Each structure stands twice: as C-alpha cells, then as structure tokens.
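A.B. asks: Pasting a structure below so you can have a look.
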C-alpha cells in the first residue's frame, strides 16, 4: 500500500517505494496521469520524483481527505511498468574539468569513459534541485564516482555530471558538487515555455559525443 502523508498544510506526499526503480517511476507517472484525467477543483500540478508524487492543493477548495480518497481509488488500477516517455538526444562535448578524475577512479581511461557514458539510454527520474536539473540513471557501475568533497560555487548551464550512479544535466547556472564530464549547448530550461524544463520524468536521454 502506498504511504500518503501531509506535506505541510496544502499538499499530500504519496510514497510509492524506496528505491531507484523505473517500474516505480512508471507507477508515479501513471498516478500523475490519472489525477490529471480526474482532477478535482483545487488540485494544483503534481510534482513527480523517483518514487513519490507531491500533490499540492488549495485547502479552500479541496479537503485533504477527499484527495487521499481519490488517490486510494486510483491505487489498484496502477500497473508497475517502465515509463514510455520521449527519446531525447543530447549532444555533448566531453571536455569537463572532472573527466580525468572519473577516468582515474574507474581505471578505464578518458576515451572509454566517454564511450561508456554515451553508450546507453538514461531514464529521467526527477527534475530539481535547480530549475530544469535532470536527474538521470543509471550509469555503468564502473563510472560511479562520489560527489566532489566541496561543491563548486558555480556550474555553467548545460554541464553534465556524475554523482554516484546517477548522471545529471545542469539546465541553468547554479552551485553543484557533481563530477563534470562534459557540456551541451541545448537550451534545457526556458521560463516562457510550458513546461519550462525541456526534459521531464519518464523521458529517455541518449548522450551523443560531438567534437
């Protein structure tokens, strides 16, 4: 059974699991879609993440008990299966300042790190901590690299990093502690677009090396 708990006075947090699993994310996105089809007055746009869905609402229009009851009605209809999102190719210039660090830790060398990083599709699990930042996974075990001990005060927009077995894309300039292996020229966040983030949970990303 899903865990549903208040997140402040105007949101419910639905926890569907405790692991990074594409089938759990598929359930999260299926719940999000079902709520969109049956949106009660007062429910604001839900926010999906790895294994949870944050459901903000206007407490003057929607009682939390009613929202929880609707979620419980949807729960038995949701099937655990991988999401079927868009396929997005992201061109990457692999010249990041931490590429050599990742290569040294992996023992693969720079060229094989690039080959391994660009050699698979990555599922977008969540968008955050900064606008448009895409959390993707998972990299090959050989590429897993801890975060930088002190994070950088500023990371350029378009930077692509590795932290643990995740890879991520900085859509805007922000602080960050991920190991930067490359950079893309794609615009990944535009506040005038809807949604403003180019990548969304459930999308599949393929990194394509460019000179």
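The values are calculated or read from the model by the stated rules, or taken from the named source; none is laboratory data. Since this is a predicted model, take the numbers as computed values, not measurements. Cβ: placed from backbone, ideal geometry, glycine included. Neighbour counts: every protein chain shown.
A.B. asks: Go through 75, 68 for me and flag whichever is in a helix (DSSP H, G or I) and under 12 Å from residue 11 (Cα atoms).
C.D. replies: 68
A.B. asks: Right, next: Kindly provide the set of residues from the range 48-62 that are without any contact (Cβ under 8 Å) to a residue 40 or more places away in the chain and either surrounded by fewer than 13 Cβ atoms within 10 Å (Cβ to Cβ) or not in a loop (DSSP other than H, G, I, E, B) (or both), ordered by number.
C.D. replies: 52, 60, 61
A.B. asks: Now for a different question. Kindly list the number of the only condition in (1) surrounded by fewer than 21 Cβ atoms within 10 Å (Cβ to Cβ); (2) over 23 Å from residue 85 (Cβ atoms) that fails for residue 176.
C.D. replies: Evaluating residue 176 over (1) surrounded by fewer than 21 Cβ atoms within 10 Å (Cβ to Cβ); (2) over 23 Å from residue 85 (Cβ atoms) leaves (1) as the failure.
A.B. asks: Of the conditions (1) in contact with a helix residue (DSSP H, G or I) (Cβ under 7 Å, 6 or more places away or on another chain); (2) closer than 24 Å to residue 141 by Cβ; (3) surrounded by fewer than 16 Cβ atoms within 10 Å (Cβ to Cβ), residue 112 fails just one. Which one is it?
C.D. replies: Failing condition for residue 112: (1).
A.B. asks: If you check every pair at least six apart or on different chains, which have Cβ atoms under 6 Å apart with a residue in the range 20-47 that is under 15 Å from residue 126 (Cβ atoms) first and a residue that is at pLDDT below 95 and surrounded by fewer than 16 Cβ atoms within 10 Å (Cβ to Cβ) second?
C.D. replies: 22/82; 26/81; 26/82; 27/80
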